[in-house]
Structure formats: structure tokens, C-alpha cells
Amino acid sequence: MAGSGWHDFDTLESFIAKEQRRYPESRGVFADLLRRVGVASKVISAKVQKAGLLDVLGKQGSKNVQDEEQAKLDVIANEIMKATFHWMPLVGGIATEEEEDYIAYPPRSDTEGDRYIVCFDPLDGSSNIDANVSVGTIFSIHRAEGGSRMCEEKDFLQPGSKQLAAGYVIYGSSTMFVFTTGHGVHGFTLDPEVGEYVLSHEGIRIPDKCTCFSANEANYPKWDEPTRRFVDYVRSREDPRYQKTSSRYIGSLVADFHRNLLYGGVFMYPTNQATGEDKLRLMFECGPLAMIIEQAGGLATTGRVRILDVRPTDMQQTVPLVIGPRREVELYEKMVRDFDISSGARRASLPPPTAE
Ligand code: FDP
């Protein structure tokens, strides 16, 4: 088509179809699931973009299971995601960050083989919506073995290392769909004129540099000593690697993560030592992003354990998260380890407590 400017490109659809051809025995369900997430995200994207016009900005007046106020768009995005999987025979169940309990679907008479579990955070970073800041959807897919039975909690409480796929959609200056099935990380940008996700970032690798450092630094006094040491070290700029590192914190996890993935940067949300609480959810936020970062050549840790190795004990479990380039995450883990050893040694050198 001379002069039209047209050239062949991959869309999310064609890319998934090509991926599927690698597995001739595949039933196509998994591919279909990914496509459905793509469709749902287009609907959410449209809602996010029209938020002001549709008068859906502002609070719904209800609270979610973490006692946080739900913005209206949280509720809408949650409904869209739930409706997306409801009718799919090979989805055994879903879990959403917005609801305490998982939803299990009864097996149908035509269901054969394993079914899938889908977990999602329908609209992450939603406290920023009123300010027109980028927000996102995060999802992951697990296998639930034994298709002919009802899914149980144990099917949901699987470590991140068992994820078959994970991804996120960022609703920003453009909408992007980023996912991995364990064969690299690929990003697709939504072309609003055509309504298709177009392959724009194939085989994403996190750059081996620390351009940005992202944390809510107002929490510094509440962090533990190794975390403060790590942050002090980066901020001191003694190390040439950190001479140009900038502080960048949006407070919208998908947006912070996406920027760091593309530019090279570390994100951290450590434990609040004053309360002993963590903020980010293992199953809905940390696990999926950990799979993506590892597929992109980076790492994710709690400081003491690889995020993908943490087996959730409950659906809404939270963990500390440090995620980014391999070098920064390894340095952080080393600082935690050194601290643990030295404080253990300090404790051991103290005289034993005497009885009253
Ligand atoms: P939000 O409360 O707006 O939904 O886990 C939720 C989250 O945002 C993340 O997206 C974000 O990284 C984090 O909380 C921000 O927390 P702080 O406001 O405590 O920095």
C-alpha cells in the first residue's frame, strides 16, 4: 500500500497467537485469558480517560478490606475485571485486592484438565486518580491442578515462583500492557485510533544502572537500620554508580515500577518499624512485579527472602519490597545480612540476662 505509511507490526493478538504456536499441545485457554485481560484493560483505560467527564472521580463512600476508602474507579475496574473471567470455563477462580475472599467457580461438565486462577489489583495507585496521575492494573495467573473440583484457598496461596504469567497495564500518557509468560517481558502500547495494543517494547531488559531511587522518604525515620544505611549510601554519592541517581517517587506502584524498569532504578517499600506493618500485597502487587523484574534481568526481595519464594499465608498478606536492578537489590540484601550477623554477634557478646 504505497504512500499509506502502513507496515506490518505485531499486535497483542498476533503476538499471543505466535507464542501459542510454540506449544502445539496448548488448548488455547491460556492465550485466551491473556487476550481477555487485554480487552478488560481497554475498557478500564477508557473509563480512566473519561473519568472527569463521566463524573466518576471522587470517593465511593465505601471501604475495602484494608479499610482504605475506595475511589469510584476502583469499584468500576474491579467489576470489569470480575466480569471478564466470570464466564470462562477454564478459570477456576479469581482473587481481587479489593475483596477479602476469593471467588471459586464450579467446574462445568465440559471442563477437562487443569484450570487457572487469576489474581488482580484492578486499579493500583488509585489514591492518585483525582490528581490525574498514572495508575495501573496488575495481574497474575496460576494453575489450579485438577479441573473437575472446586478451587480451594490452597490453590490461591501459591508462591510467585509458580506464576504462569504476570503483567500490568499502565494508564499513563499512553496506555501500555506489559506482560511475561516466563519468556521475557514484552510491552504493547495502545493505539487509541485503531483500538489495538501494538508491540512497542519487545524483550524489555532493565538497564544495569540506578538512574532513580524511589521510596516514600518521609518514612525514613521508621525504616530499620540496614535500610537507612542503604539509602544513606546511595544518597552519599560516594560510589560513582550513584553520582547521577535522582530521587523519583510517584506513589503509584505501577508508575514507579514502569519508569524504573525502562530507565534502571530501584523501588523500595520497607517495613514500618513503628507499627511492624508492610504496605504492599504479596499476591496482588509484589509477586507479579517480581516475576516481571526477574524476567527483565533484575531482582525483587524482602531483604531476607526472594519475593518469588515467599509462600503467602493469607490472601491479603503484605511484605517489604525492594525491586530493581540486580546490583542494587544484591547490595541491599548484603547490607541486611551484614547487619543481621553483626547484631547477632552483638547480642551473643552480651552477658546472659540474670534472674531477678
Ligand atoms: P494506593 O494506596 O494509592 O493504591 O499499594 C497501594 C499504593 O498506592 C501503591 O500503588 C503505592 O506505591 C503505595 O500504595 C503508596 O504508598 P504511600 O502513600 O505510603 O507512599
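Look at the dipole of the chain built from charges on Cβ: of N260, I341, P221, the Cα furthest out on the positive end belongs to I341.
Surface exposure of the chain, expressed per residue as accessible area with a 1.4 Å probe, stands at 47 Å². All other residues whose Cβ lies under 14 angstrom from that of T245 are scored, Lys and Arg at +1 and Asp and Glu at -1, for a net of +2. Comparing N260, N216, N78 in a Gaussian network model of the chain (Cα springs below 10 Å), the most mobile by mean-square fluctuation is N216.
Once C-alpha pairs closer than 8 Å and six or more residues apart are averaged by separation and normalised to the residue number of segment 161-225, the relative contact order reads 19 percent. Charge tally for Y171 (other residues, Cβ to Cβ under 12 Å; Lys, Arg +1; Asp, Glu -1): +2. Legend: helices of the chain (whole DSSP H runs) are marked when their alpha-carbon atoms reach 20 angstrom or more along the helix axis and their mean Kyte-Doolittle hydropathy is at least 0.5; marked are 29-49. Scaled against 2.2 N^0.38 Å for its residue count N, the alpha carbon radius of gyration of segment 183-229 is 1.91. Calculated [222 nm] ellipticity per residue, helices only, for the chain: -9500 deg cm²/dmol; basis is -39500 (n - 2.57) per DSSP H run with n ≥ 4, divided by all residues, nearest 500.
Surface composition of the chain: carbon plus sulfur atoms contribute 50% of the solvent-accessible area (1.4 Å probe, protein chains only, all chains present). Computed over segment 239-323, relative contact order equals 32 percent, with contacts defined as Cα pairs under 8 Å that lie 6+ residues apart. Can you give the % of DSSP beta bridges in the chain that are antiparallel, to the nearest 5? Taking every DSSP beta bridge within the chain, about 80 percent pair in antiparallel fashion.
Over every Cα atom in segment 130-224, the radius of gyration and the widest Cα-Cα span, Dmax, amount to 17.9, 52 Å. Mean-square fluctuations from a GNM of the chain, with a 10 angstrom spring cutoff on Cα atoms, peak among A144, A31, A300 at A31. Taking R21, R149, R108 in turn, the Gaussian network model of the chain (Cα-Cα springs below 10 Å) assigns the largest fluctuation to R21. With contacts taken as Cα pairs under 8 Å and at least 6 residues apart, the chain reaches a relative contact order of 14 percent.
Along the chain, the exposed loop sites are chymotrypsin sites (Phe, Trp or Tyr not before Pro) outside DSSP states H, G, I, E and B with at most 12 other Cβ atoms within 10 Å, and the longest stretch free of them is 88-356.
The charge dipole of the chain, taken about its Cα centre with unit charges on the Cβ atoms of Lys, Arg (+1), Asp and Glu (-1) only, comes to about 820 debye. In terms of Cα to Cα distance under 25 Å, which lysines are near enough to K162, apart from those fewer than 8 places away along the same chain? Counting by Cα, and skipping residues close in sequence, K162 has these lysines nearby: K18, K82, K154, K279. Straight-line cross-link reach from K222 at under 15 Å between alpha-carbon atoms covers these aspartates and glutamates, not counting any fewer than eight positions away in the same chain: D232, E277, D278.
For the chain, the orientation-averaged shadow of the C-alpha convex hull comes to 23.8 nm² (one quarter of the hull surface).
G136: net charge of surrounding residues, Cβ under 11 Å, Lys/Arg +1, Asp/Glu -1, itself excluded?
Residues close to G136 contribute a combined charge of -4.
Do any GluC sites (Glu not before Pro) in segment 141-228 lie in a DSSP loop with no more than 10 other beta carbon atoms within 10 Å, and if so, which? Qualifying residues, ordered by number: E193.
Percent of Cα pairs in segment 73-185 per distance bin of 10 Å, from zero to the largest separation: 14, 42, 33, 11, 2.
The values are calculated or read from the model by the stated rules, or taken from the named source; none is laboratory data. Computed from a predicted structure; not experimentally measured. Neighbour counts are summed over all protein chains in view; Cβ atoms, including those assigned to glycine, are modelled from backbone coordinates with ideal geometry. Remember, those area values only see protein heavy atoms, side chains included, never the ligands or the DNA or RNA. Shrake-Rupley method; radii C 1.70, N 1.55, O 1.52, S 1.80 Å.
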